[in-house]
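Reviewing the structure listed below.
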Amino acid sequence: MIEKKLLLGDEAIALGAIHAGISGVYAYPGTPSTEITEFIQLHAPEVRSRWSSNEKTAMEAALGMSYAGKRALVCMKHVGMNVAADAFVNSAITGINGGLVVLAADDPSMHSSQNEQDSRFYGKFAMIPILEPSSQQEAYDMMPFAYALSEEHKLPVLMRVVTRLAHSRADVEVKAPLQQKVLSPDSERTHWVLLPGNARRQYASLVEKQPALQASAETSPYNIGATKSCSKAKLGVVACGIAYNYVMENDPASLGIPVVKVSHYPLPVSAIKAFAEQCDKILVAEDGQPVVEEQIGALLGGDYKLCGRLTGDLPRTGELTPDSVGRALGVVSTPTFVAAQNVMPRPPALCQGCGHRDVYNALNKVASEYADARIFGDIGCYTLGALPPFRAIDSCVDMGASITMAKGAADAGLHPAIAVIGDSTFTHSGMTGLLDAVNDGSAITVIISDNLTTAMTGGQDSAGTNKFEAICLGLGVKPEHVRVVVPLPKNMEEITQIIREEIEYRGVSVIIPRRECIQTLNRKLRQQKAKQE
Amino acid sequence: MKKDIILAGVGGQGILTIATIIGDAAAHAGVNLKQAEVHGMSQRGGDVQSNLRLSTQSIYSDLVREGAADLIISMEPMEALRYLHYLNSDGWVVSSSRPFKNIPNYPDEQALMKELQSLPRVAVLDIEELAKQNNMPKSANIVLLGMAAPYIEILSPAQLRESIARVFSSKGEQVVKVNQQAFDLGLNAVK
C-alpha cells in the first residue's frame, strides 16, 4: 500500500532528505526554512541535526561531511545565502564527495525578510544544478534525485523553494528510505586545496562539466515540454517552480495556451527554443526575480515578443498569485464583494511581558536625554521595537550590523551610538564586529538583549546561551564594562542608570539584559504542568 | 466538489489548530488538500490567515483566488472583513463577534458589526463568552469550528468531530472531551 502523509513543504523536504540517506543537516533558523531542520531533529535521531551558529559554519560543516563521503543537507533562508556565499561558491570549485544539497528558502513579498533576492542567481553564479519544486510531492521526490545528481556530477546541488511552498501543507506519497553512506574520506588533495594552481584546474573542470549539466536539465523528469501542436499558439507560457501551479489553476488548456514547466536548471534552452517556434509570444511566470525572463530574452533576441515581470505583464515585485498570473493570461475575475470599509492594518508587536519591551522602555528614556542618540537595531523579534509604541531603533540592515554600524557611526563622531542585538544574532554575526570595536577602542554601547533562545523563528536553541560574559571578556571588553541586568519594570531605575554610565564611558561597553523569552517560558510551564497531571 | 476556505484571526488565537483539524479530516476522508499557513514574524499579535483548499479533484494553487472562497472562518470580526474580496457570491462568513483590540486605530465597533451583519450569508457569535460560560475558555476556536462545520460540506460534522479526537489525543481524554463539547456547542448554536 502507498503511504501518504500530510506535510508542509519544509517537512516534505526534510523527509525526502532523511529518506535519501543524509547523515547530517546543518542550518541556522530562518523563516521560511526553519521547519526542515526541526522536522529532522524530531523524527530522525540518527541524523546529526544540532543548530549551527550561522549559515557559513553550516555550509562548511556540510562540505566537511561530504568530504568524508556522506550525504549532507544545508538549509537556510535566502539572505542566509549571502552569509554562506564564500563557502557555497567555493564548494562548486572543490566539488563534492558525498552528495551535498543546499536548500535556500526564498521569501518573495518579504513576509518575514528584509529583501526578496532570488537564490537562483546564486546557483547560476556558482555554475551548479538548481532544482525548484512546484509542489510538496515534488519537493519530497526531488531530494533523492538531487543527491544522485550531486554525486553524478560531483557538485553541490541548490534546491530553491519559496514561502508558499515551504509553509503550505499537502498530501505526499512517501517511498522506502535509503541507507546512510559509509565513511570514505576523499584523498584528492588537488581538488580540495584551493591554491591558485589547483583552483585554476578545478575551475576549468567546473566549466567543462557545464554541457553535461545542460544535457541533464534538457532530459530532466522535472522539466515538462509542451506537446507538439500543428497550429501556432498566440501565447505560450514558461512556468518555473511554484508559478506552474498558478498557471495551471487558470486552466491554460481551455484557453489554448501551451505550457512548458521548468523545475531543473540550467535552463533547458533546446526545449525553450523549440517552444518559441510554436508560439507568437511567450509569458515567463516565475516567483522571485526575473532570472529566467532575462535568460530567455538573451536566448531569443530582442525581436521576439517576450513578457513577464520585466514588461509589467506580471508585477515586478512581490509573490505571484493565481490572480496576478490569471490577469497576465487574459483571465479576468471580478470579485463579488469589494474590499470592506472597516478594516485597519494590524502589524505584529512584541509580546506582552517580553523582556525586549523593558529594554526599549529603558533605552527610550535614556536616549531622550541626548540630542544625538542613535540606536542601531538588528534582526530578530526586537526589530519590532521600530514600530509603535516604541519607535526605538534607527536602523536594521542585516545580521550583526547593529554593532558594526554603531562602530562606524561612533568612528565618525556620533555619540551616543547604541547597538541593540539579540543573543542568537550576536553569536551568528555580532562577535567579529565587537572585536573590531574593541581593537579600535570605539565609543559604543552594545545591548545584547538575551532571552536565552532564537525567538523570532519559534524558540530554537541559541548557540551562545550561558557564554556571553565569557565571550565579551575574551574579545577584550573590560570586565567593569560588561554589565548584566534583569529587564523587568521594577528594575527600571537600575537599568537606566547603568545605560547612562556606559554611554558616558568612551569605549566599548556591553550591557546584557537577560530574561527568558515569555513564549518559551510559557511553553516549558505548560509542558511541566502536563507532566504533573 | 471543492471548498476554498480562508481562516482568519490574530496571531495566537488558534486558527492553525482549526486548520490542523480540517486537514486531518480531509486526509482521512481521502479529500485532496492544500493549506498555506503563515509562520514567523506575523504571528506576533499581527493579522494571520490560512488558505485551505479542499477538493475531490487535484488542486494546483496553494492560494485561493479572489472572489473564489466558499467560506471565511474568522476568530475576529475585523479580520473576517479583511478577506471579503476573496469571498464568492454564494460564500458564507462565520465569525466571532468579539473584537480583539491591540491597535490604537481599531474601527468603530458599531460600524464594523453593521458591515459584517449586512452580508447576505453570515453567522456571528460571541464564541469566547460561550466558551467561558461552559468552562472551556481555551476552546473558543473549536466552538468556531463547530459553527462553521455545516458550511464545510465536503467534510461532515461527524468527520470533523472524529478528527478532534485524533488531533488532541496526545493531550489526554479530558482535553478531547472538552474540545468535542466545544465543537457541539458551536454546531448547535447555528443549527
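Taking the Cα centre of the stretch B:1-158 as the origin, how large is its charge dipole in debye, to the nearest 20, when only Lys and Arg (+1) and Asp and Glu (-1) carry charge on their Cβ atoms? Mind dumping the intermediate values first?
Values: 13 positive and 17 negative charges, 39 e Å.
Dipole size: approximately 180 debye.
Let me check against my output: what whole-number percent is the relative contact order of the stretch A:355-520, with C-alpha pairs under 8 Å and at least 6 apart? Please report the intermediate quantities before stating the final value.
Details: 334 pairs, mean separation 42.6, N = 166.
Relative contact order comes out at 26 percent.
Once the Cβ-Cβ distance between B:N135 and B:A111 is put in as r, and R0 is 41 Å, what FRET efficiency do you end up with, to the nearest 0.05? Don't jump to the answer; show the numbers that get you there.
Working: r = 34 Å, r/R0 = 0.82.
It comes out at approximately 0.75.
Return the percentage of antiparallel bridges among DSSP beta bridges fully within the stretch A:3-218, rounded to the nearest 5 %. Walk me through the intermediate numbers first.
Working: 6 of 25 bridges.
So the antiparallel bridges in the stretch A:3-218 amount to around 25 percent.
Take the alpha carbon atoms of the stretch A:491-509, find their center, do the same for the stretch B:9-26, and report the distance between the two centers in whole angstrom.
First find each Cα centre; the distance between them is then 45 Å.
Can you tell me which aspartates and glutamates have their Cα less than 12 Å from the Cα of B:K2? Leave out same-chain residues fewer than eight positions away.
Partners within reach: B:D70, B:E153.
Quickly work out the A:L435-to-A:T311 label distance, labels modelled 7 Å from Cα along the C-beta direction, and quote it in nm with one decimal.
Result for the modelled spin labels: 5.2 nm.
What is the projected area of the convex hull of the Cα atoms of the stretch A:365-415, averaged over all directions, in nm²? The partial results should precede the final answer.
On the way: hull surface 14.6 nm².
If you wrap the Cα atoms of the stretch A:365-415 in a convex hull and average its projections, you get 3.6 nm².
Using the Cα centre as the reference, give the magnitude of the dipole from point charges on the C-beta atoms of the stretch A:236-328 (Lys, Arg: +1; Asp, Glu: -1; all else neutral), rounded to the nearest 20 debye. Present the calculation step by step, with values, prior to reporting the outcome.
Numbers: 7 positive and 12 negative charges, 27 e Å.
For this selection, approximately 140 debye.
Distance between the C-alpha centers of the stretch A:398-418 and the stretch A:186-216? Whole Å please.
About 41 Å separates the Cα centre of the stretch A:398-418 from the one of the stretch A:186-216.
What is the spread of the Cα atoms of the stretch A:234-322 along each of their three principal axes, largest first, in whole Å?
28, 28, 25
Helix A:401-411: angle to the longest alpha-carbon principal axis of chain A, degrees 0 to 90, nearest 10?
Here the helix axis deviates by roughly 60 degrees.
Any idea what angle helix A:431-440 forms with the longest principal axis of chain A, computed on alpha-carbon atoms, 0 to 90 degrees, nearest 10?
So the inclination is approximately 50 degrees.
Over all directions, how big on average is the projection of the convex hull of the alpha-carbon atoms in the stretch A:3-218, in square nanometres?
Values: hull surface 44.6 nm².
Taking the Cα atoms of the stretch A:3-218, their convex hull projects to 11.1 nm² on average.
Got the relative contact order for the stretch A:148-290 handy, in percent, Cα pairs under 8 Å and 6 or more residues apart?
Result for the stretch A:148-290 is 26 percent.
Run the count for the stretch A:63-185, please: Lys pairs, Cα-Cα under 19 angstrom, 8 or more apart or on different chains. Spell out each step's value before the answer.
Values: A:K70/A:K154; A:K70/A:K181; A:K77/A:K124; A:K124/A:K154; A:K154/A:K181.
Step by step, the pairs that qualify in the stretch A:63-185 add up to 5.
State the extension gain, in nm to one decimal, for the chain segment bounded by A:Q341 and A:E294, taking 0.36 nm per residue of separation less the distance between their alpha-carbons.
Values: separation 47, 0.36 × 47 = 16.92 nm, distance 4.07 nm.
Difference between extended and current length: 12.9 nm.
Lys/Arg Cβ at +1, Asp/Glu Cβ at -1, dipole of the stretch A:1-114 taken about the Cα centre: which of A:A68, A:N82, A:G95 is farthest positive-ward?
Ranked along the dipole, the leading option is A:A68.
Between the stretch A:256-300 and the stretch B:80-149, what is the C-alpha centre distance in whole Å?
Spelled out, the Cα-based centre of one part sits 45 Å from the other.
At what distance in nm do the modelled label points of A:N115 and A:T334 sit from each other, each positioned 7 Å from its Cα along Cα→Cβ?
Modelled inter-label distance: 4.3 nm.
Which of B:G67, B:G172, B:G45 ends up with the largest GNM mean-square fluctuation for chain B, with Cα atoms connected below 10 Å?
Highest fluctuation among the options: B:G172.
Search the structure for amide H atoms under 5 Å from the amide H of B:V48, placed 1.01 Å from N in the peptide plane, and list their residues when 5 or more places away or on another chain.
The answer is B:G9, B:V10, B:G11.
Once both axes come from the Cα atoms, what is the angle between helix A:80-94 and the longest principal axis of chain A, in degrees from 0 to 90, rounded to 10?
So the inclination is approximately 50 degrees.
How about the stretch B:118-191: which GluC sites (Glu not before Pro) there are in a DSSP loop, with at most 14 other Cβ atoms within 10 Å of their Cβ?
Working: sites: B:E128, B:E129, B:E153, B:E162, B:E173; in loops: B:E153.
Sparse-neighbourhood loop GluC sites (Glu not before Pro): B:E153.
Run the dipole for chain A about the Cα centre, Lys and Arg Cβ at +1, Asp and Glu Cβ at -1, nothing else charged, and hand back the magnitude in debye, nearest 20. Provide the component values of the computation, followed by the final result.
Working: 49 positive and 57 negative charges, 114 e Å.
The calculated dipole for chain A is roughly 540 debye.
Once Lys and Arg get +1 and Asp and Glu get -1 on their Cβ, which of B:L125, B:A27, B:Y106 lies farthest toward the positive end of the dipole of chain B?
Of the options given, the answer is B:A27.
Describe numerically, in nm with one decimal, the distance between label points set 7 Å from Cα along Cα→Cβ at B:D90 and at A:R50.
5.8 nm
For chain A, what is the mean residue ellipticity at 222 nm derived from helices alone (per DSSP H run of n ≥ 4: -39500 (n - 2.57); sum divided by total residues; nearest 500 deg cm²/dmol)? It would help to have the intermediate numbers written out before the result.
Values: 19 runs with 208 residues, N = 533.
That calculation yields -12000 deg cm²/dmol at 222 nm.
May I ask which residue of B:S61, B:L71, B:L185 lies farthest towards the positive end of the charge dipole of chain B, with charges of +1 (Lys, Arg) and -1 (Asp, Glu) on Cβ and the Cα centre as origin?
Checking the options against the dipole of chain B, the answer is B:L185.
Within chain B, which DSSP H helices have Cα atoms that stretch 24 Å or more along the helix axis and a mean Kyte-Doolittle hydropathy of at least -1.0?
Values: long enough: B:173-190 (26 Å, 0.11).
Membrane-span-like by this rule: B:173-190.
With θ set to phi - 60° and the Karplus curve 6.51 cos²θ - 1.76 cosθ + 1.60, what are the ³J(HN,Hα) couplings of the stretch A:319-331 in order, to the nearest whole Hz, using x for Gly and Pro?
Per residue, the Karplus-derived 3J(HN,Hα) values read 6, 6, 9, x, 6, 5, 5, x, 4, 5, 8, x, 8 Hz.
Just to confirm a number: summing +1 for Lys and Arg and -1 for Asp and Glu over residues other than A:L183 whose beta-carbon lies under 14 angstrom from that of A:L183, what do you get?
Values: positive: A:R48, A:K70, A:R71, A:K181; negative: A:D186.
Here the charged neighbours net out to +3.
So who's got an amide H within less than 5 Å of the one on A:V446, skipping anything under 5 residues away but keeping other chains? H placed 1.01 Å off N, in plane.
A:A419, A:S509, A:V510, A:I511
Per residue of the stretch A:165-180, what does 6.51 cos²θ - 1.76 cosθ + 1.60 with θ = phi - 60° give for ³J(HN,Hα)? Whole Hz please, x for Gly and Pro, Karplus curve as stated.
Rounded to whole hertz, the list is 8, 4, 10, 10, 9, 7, 5, 10, 7, 9, 10, 6, x, 8, 6, 5.
Rounded to the nearest 5, what % of DSSP beta bridges with both residues in the protein assembly as shown are antiparallel? Numbers along the way, then the final one.
Numbers: 27 of 89 bridges.
Percent antiparallel among DSSP bridges in the protein assembly as shown is about 30.
Hey, quick one: spin label on A:E3, modelled 7 Å out along Cα-Cβ, who in the stretch A:166-204 has an amide N within reach, i.e. under 14 Å?
A:172-179
No lab work stands behind these numbers, since they all come straight from the coordinates. Because the structure is a prediction, the values reported are computed rather than measured. As a convention, Cβ positions derive from the backbone with ideal geometry for all residues, glycine included, and neighbour counts pool all protein chains shown.
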